[in-house]
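Worksheet: one structure, shown below.
Every number in this text was worked out from the coordinates using simple rules, so none of it is lab data. Model, not experiment: these values are computed from the prediction. Every residue, glycine among them, receives a Cβ derived from its backbone with ideal geometry; neighbour counts consider all protein chains shown.
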Amino acid sequence: MRNEDYIKLKGFKNCYCDGIACAIGEFVDVYSSFDEQELLDRLSGEELQLLIDYAVLKNKIAGVEFVNIKVPSAGLGKTALDKFHLQGNEVLSARLMPNLSANNLVGGRLILHVEDMLDYEEGYLENVSDFCGRTETPVMITIGDNLERVGKLVNRYNKSPVEIVEDFGFLDRECYLNGLNFLDKEDQKLLMEYKPTLILSPRDDGEAGKGAINLFNFIYNRLKFVFSNGKCYNIDMLGEAKLALVNTQNLMYSRDLIKEETLLESLQSESGEVEIPLDKESKTSCLFDFRYENKQDDLQKQYSFYRDRIKEILNKIKE
């Protein structure tokens, strides 16, 4: 809905946010020296909750109304989402599946994440698929983000990444796929038969030095895609869409291949509201150049409080 001064949208949807990386990324380089397990081992449950609260608060300030938040243990995400009145799910490593109780599954707000299919022992992925089918738990699988890992998967299973996911039955579940940087055209065609949700993290990919994704191929193949900040601590959902657009234009050596409305549809949640000012003097659309920030005083005060506390926690660990 447009007028001459702004465009009014629903709140943004952030379909994968690594809670720990998002919380501490402004203080620690999560792509090099950061050892997540070492950090987790040295933090109390209260401190871990504080980190996840901060990540969810940053989503709130960025205009996000729905977020799938990756957490190190069950319950942290639900608590933070409820605290800041956001919709979404907590994303939990599939390695923690044996530790889940019936209470963790109540309310359907849990997604199991298979971060790397190479890391799981024989038989475990079948168990994850069976568990997701039996409990109707959605699954998220990282495939194709690293060319070396893709090669190792092909050598181990003698199949492409999507064929492997299909064989384990994950595509018959409610399935999300991320890490799609090296997904070839044949795998994309196979995905057309199942219609999973594809999660794109352009800024995270860029910071991690991964390959850019050609968004036009997904649109051409009528695949459903959504956006996420991934491990980026600086949440900017319009910025994610802009980078995806620029990457595609560069790969295709062409402009005007992707409609603005297509990207907006992938960005928006079912609730909330954000207003994006329009530059009436500009002859071209500048929608994705704007960075949205909720400047309510109470949110800004909480942001400052959490930021100071996290700095104290990290400084204590360094001592």
| task | Kindly state, to the nearest 0.05, the FRET efficiency for LYS189 paired with ASN155, given R0 = 22 Å and r defined as their beta-carbon distance. | result | 0.45
| field | Whole-Hz couplings from phi, Karplus 6.51/-1.76/1.60, listed for the range 125-141; x for Gly and Pro | value | 5, 4, 5, 5, 4, 4, 4, 5, x, 6, 9, 6, 8, x, 10, 10, 10
| request: Sort ARG173, ARG203, ARG95, ARG134 so the one with the fewest other Cβ atoms within 10 Å of its own Cβ comes first. | output: ARG134, ARG95, ARG173, ARG203
| What is the distance in Å between the Cα centres of the range 155-169 and the range 33-91? | 32
| request: Please figure out what share of the DSSP beta bridges in the chain is antiparallel and state it in percent, rounded to the nearest 5. | output: 20
| field | Loop-located chymotrypsin sites (Phe, Trp or Tyr not before Pro) in the range 163-244, at most 16 other Cβ atoms within 10 Å (DSSP) | value | TYR194
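For the range 177-221, which GluC sites (Glu not before Pro) are both in a DSSP coil and crowded by at most 11 other Cβ atoms within 10 Å? It would help to have the intermediate numbers written out before the result.
Working: sites: GLU186, GLU193, GLU207; in loops: GLU193.
Answer by residue number: GLU193.
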| note | Candidates LYS259, LYS78, LYS159; GNM for the chain (alpha-carbon contacts under 10 Å) flags as most fluctuating LYS259
| Of all DSSP beta bridges in the range 1-147, what percent run antiparallel (nearest 5)? | 5
| task | Determine how many Å³ per residue the convex hull of the Cα atoms of the chain encloses. | result | 142
| task | Report, by chain and number, residues whose modeled amide H sits under 5 Å from the one on LYS70, excluding near sequence neighbours (fewer than 5 apart, same chain). | result | CYS17, ASP18, GLY19, VAL91
| field | Relative contact order %, the chain, counting alpha carbon pairs below 8 Å whose residues are six or more apart | value | 24
| Highest-first arrangement of 65-73, 39-47, 105-113, where packing means the average Cβ count within 10 Å | 65-73, 105-113, 39-47
